[in-house]
Structures are given as structure tokens and as C-alpha cells.
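These notes concern the structure reproduced below.
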Amino acid sequence: MGEIGGFKQYKRQDENNVLVKERLRNYKEFTVPLKESELKKQGSRCMDCGIPFCHSGCPLGNLIPDFNDMVHKGEWQKASEILHSTNNFPEFTGRLCPAPCEKACVLGIIDNPVSIENIEKNIVERAFAEGWILPLPPAKRTGKTVAVIGSGPAGLAAAQQLNRAGHLVTVFERDDTIGGLLRYGIPNFKLEKEIIDRRIEILKAEGIIFKTSVNVGSNYPVSNLDDFDALVLCGGATVRRSLPVKGIDSKGVVQAMDFLTQQTKKLFNSPIKEELLSAKDKHVIVIGGGDTGSDCVGTSNRHGAASVTNFEIMPKPPTLRSESTPWPFWPLQLKTSSSHEEGCERNWLINTKEFITNEKGELTALKTVEVEWLLKPGERPQLVEKPDSEKIWPCDLALLALGFTGPELTLSEQLGLEVDNRTNYKATNYQTNVPHIFTAGDMRRGQSLIVWAISEGREAAREVDIYLMGQSSLPTKGTGDLLTA
């Protein structure tokens, strides 16, 4: 695999970014692709290790050394076949995945790991440019019908796999456009929506039916689903976490997803029913240090915020891999995103105590306190406030990027489905307590990664196929499926 000794000869080379002052002028993607000759070198760094731990690091079980080798050899079409055999949507993961495969790369023990994610993105972009990715409708239909609820990455993966098995699949989406989290939860500067649209056109041409603005259990009764032989629930974990502090309902305290969703709708002139949100000339504080918080930072800077500050209640991670998370585990390590680099004051071990307002109920400031975590053997960490550490921060817009507590219970209650102690939809092999109803993605496992959602959708589709037909030829994790080019 790769070039013998290539990992010694070539250093890791990542894509460059457009200069900050230029990319803040718009909402376009801003990475500068590497030349093909450099990409081949990056593929050559794959070191033919005895046990490729990248396989186990990837929730999809992508055949990473195999497609790296094809890139090294310039066999791009073969690389695309290998990549698509385990991953329905590498154009999404190649842009948005935190790349657990790279954290598990054997080369990472002694050097920078292979740039797997960037190679993946370039493979799929080359495949689209060359016209290798074509609709492949099934040769025959089984006569079975399946409804997929939710068109995020889990729902789309399940739909494509079930359609490949010959079932007639209908995808229901409550928003006005297909894509779920990919559409309205990810800023355009990280994933241009045309990238979603071109894949949806492929899925439509393969025979999948899409219905938008259909909120099952609300404007579409669940009884209407009785005509389907099986259901796959992929509605995500959409119940947003809040803060139980004074002033939480003040004007100017906004959930991150409302802010991000509205920005994407504005960009594409979609109808917006709520009051317009803007960070222009405002002192913005983003509460929450994850990817969603980072997306709020980047969006606020593009609005023209006066200042952007980020709060995180956890300690600042180390710059190098922590001893508590050794290779090949996902590392406890400081992550600085491109949005952070665009302008943001980051603060750790900060807890918000109060949202302060004026006489009109408008947000003017935040009161915080510094905290620390006390660790005692055998006990859960305890959050303790530091005395005399209160501080007032001027703030016109506070964005809550605190994650999600679980899925909405509308469907579980109306369909008679069991949930676990975290309110996730309970399932065994993706099958709920109602035999013909299955669930996958964040709705089943809780808030997680896009790559996990695609994996869950694929695995659930196989279980549905077995339920409907008694057996399945759909691949399971890492086994591959050369149905697409």
C-alpha cells in the first residue's frame, strides 16, 4: 500500500485557506485544493502497516489503505469505487468529519497521520467532476414499501441502501428542503448546499421519493404510515439544552440552531417566519465550545459582530494528546477551528449565572463565575464555583450552543415506542418494540457525528431488509458494496 517508505519521504500537507479578511466577505467554502501531484504524495504516506487501525477508528469501516493506494497510483476511479463501497456520502464526511480515522492512524504514533479526510474529499470531487457518479436504480423492485422519517445523513443513507435492495422508499422531511442537519445545521462556508443538491438529484434519479414540509405526527397523521411495510425513524436528537438561570428568556438570548438555520435560509431566500437575527455591530457571546459553537463564531464574524467571545465550562484541553486518551483512542486535545482563527476570545472554566437585561427586557450583559472540577476517586466530577470570581460581560447577543438532550418524543408517544433513560428511542439491532418500526442515527444513539449517522443508516437498512425479505445482500460495516461507481 502506498509508496515504500513514502511516510519517511513526504510530510503531511493540508489544504490552505483563503485569507481571513477575504473569506469573511461571503459564505462560500474557502479551502484551497492541493495539486494532484501533492495529493498522490499524501496517498503515498500510507505505510502498509500490519494492522490498519484507521479501519476501527472509522465508524463506517472505510477501506482507507485501499483508496490511499489507488490515489498514490493515480487510479482515481478505482479509488472512488472503493470509497463509495462503504460510504454513501464521502462529500459530506470529507468536509465535516472530525476524522477519528486519522486519530487512529498508525503513522500518528511517530509523525503526523495520513491526511485521510482530505484525500477522501478529493476522491469524491474528482468522481463528480469526471461523471463517474451516476444514478444506479435497482434492477428490480421487491414490491415492499418503506417510509424514512428525516432526511439528515442517517435517513439519506438508509433510504439509498433500502432503494438499492429494491424497496420503494419515501423520505419525509418536515423542513422545506431536504438535508436535515446538513442543510440547516451546518453553515454554508463549511458545506455549500449545492453539494447536498447534486447528491439528492442522484437519489431521486435512483427512484427515491422525497416529500418536504411534512411533519409526521403533526401535519401528517401517523395513521397515514399504515400503508408502508416498514418505517425507519431518523429524526435526530433535536431537543436543545438550555440554561436554568435568571434571564434565559430575555430578548437576545438565542438557541444556536435558530441562529444558524435562519442564516442559511436568508442566504437562499427561504421564507423566515421569526424575527430576523443579526450579530452585526453586537457584542456576541457564544456559550458552548463544540462544533456548533464554532459555527456560531464564524457566522457572527461574517455578520460583522463588534466582538465574539466563547465560553466553555470544561477545562482548556492540552495542545498535545493527553495521557488519558492514548493512541488509538479519540484524543483529549485542544481543537482550534478555522472559525476561531477568524476572531474569537476563548474562555474555559466559565459558568453563566445570569442574563442581565434593560427595562425593555433586552439583553445587555452576562454575569459569570469561574469554576473548577473536583475529581474524587469513584465519584462523578463535581463543579465548584471559585469565590469572588464573578464578572460582568457586555453582551447584546448570547448564542446557546449547549448541545441536545435527545430526540423529540412526538413519534414515540404516537407510535407506542419505548425510550431509554436518556429518552433515545430504544432498539435492538435498530428494531424498536414495534416490529415493523426501526430507528437510526441520533434518534437512537443520541447526539453524535455525521459519520456515525451514515453508518447507522446503512446498518439499519440491512436490518429492515432482513425483516422484509428474510435475508439481505446489503453490506454491513466495512464489508463494501460496489454498487456505485
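The values are calculated or read from the model by the stated rules, or taken from the named source; none is laboratory data. Note that the structure is a prediction, hence the values are computed from the model and not measured. Heads up, the Cβs are rebuilt from the backbone with ideal geometry, glycines too, and the neighbour counts pull from every protein chain shown. Ligands, DNA and RNA are stripped out before the accessible areas are found, and what is left, the full protein with its side chains, is counted by its heavy atoms. Shrake-Rupley method; radii C 1.70, N 1.55, O 1.52, S 1.80 Å.
With the Cα gyration tensor of region 329-485 in hand, convert its eigenvalues to equivalent ellipsoid semi-axes via √(5λ) and list them largest first in whole Å.
Values: eigenvalues 365, 85, 66 Å².
Working through the eigenvalues yields semi-axes of 43, 21, 18 Å.
A prolate overall shape is assigned to region 89-237, the ratio a/c of its alpha-carbon gyration tensor axes (a ≥ b ≥ c) being 1.5 or greater and a/b exceeding b/c.
With both residues required to sit in the chain, DSSP beta bridges show an antiparallel share near 40%.
What whole-number distance in Å separates the alpha-carbon centres of region 187-204 and region 438-459? Centre-to-centre (Cα) distance: 20 Å. Step through the table entries Lys103/Lys280; Lys11/Lys103; Lys28/Lys391, compare each Cα-Cα distance with 27 Å, and write down the pairs that go over it. Where the Cα-Cα span goes over 27 Å, the pairs concerned are Lys103/Lys280; Lys28/Lys391.
Thr142 sits among other residues whose Cβ lies under 12 Å from its own Cβ, and their net charge, with Lys and Arg +1 and Asp and Glu -1, is +2.
Does region 156-256 come out rounded, prolate or oblate, given a ≥ b ≥ c as the square roots of the eigenvalues of its C-alpha gyration tensor, rounded meaning a/c under 1.5 and, failing that, prolate meaning a/b above b/c?
Working: a/c = 2.86, a/b = 1.57, b/c = 1.82.
Since a/c reaches 1.5 but b/c is at least a/b, the shape of region 156-256 is classed as oblate.
Loop sites here are trypsin sites (Lys or Arg not before Pro) outside DSSP states H, G, I, E and B with no more than 14 other Cβ atoms within 10 Å. The longest part of the chain free of them is 36-139. Largest to smallest in accessible area, the residues Leu409, Leu415 fall in the order Leu409, Leu415 (1.4 Å probe, all protein chains included). Accessible area of His283 (1.4 Å probe, protein heavy atoms only, ligands and nucleic acids ignored): about 80 Å².
Computed over the alpha-carbon atoms, region 69-122 gives an Rg to Rh ratio of 0.98, Rh here being the Kirkwood radius from the mean inverse distance. If a/c stays under 1.5 just call it rounded; otherwise compare a/b with b/c (prolate if a/b is bigger, oblate if not). Do that for region 143-192, with a ≥ b ≥ c from the square roots of the Cα gyration tensor eigenvalues. Taking the square roots of the gyration eigenvalues as a ≥ b ≥ c, region 143-192 is prolate.
For the chain, taking a cut-off of 4.7 Å between Cβ atoms, the unpaired cysteines are Cys46, Cys49, Cys97, Cys105, Cys234, Cys296, Cys344, Cys395.
Fraction of C-alpha pairs exceeding 34 angstrom in the chain: 39 percent, rounded to a whole number. Within the accessible area of the chain, the carbon and sulfur atoms contribute 50%, probe 1.4 Å, all protein chains present. Once you list every other residue whose beta carbon is under 11 Å from the beta carbon of Gly57, what net charge do they have if Lys and Arg are +1 and Asp and Glu are -1? Charge balance near Gly57 sits at 0.
Solvent-accessible area per residue in region 43-140 equals 34 Å², computed with a 1.4 angstrom probe and all protein chains kept. If you find the alpha carbon centre of region 315-336 and of region 236-309, how far apart are they in angstrom? The two parts, judged by their Cα centres, are 28 Å apart. The Rg/Rh ratio of region 372-427, with Rg taken over Cα atoms and Rh as the Kirkwood radius over Cα pairs, comes to 1.19.
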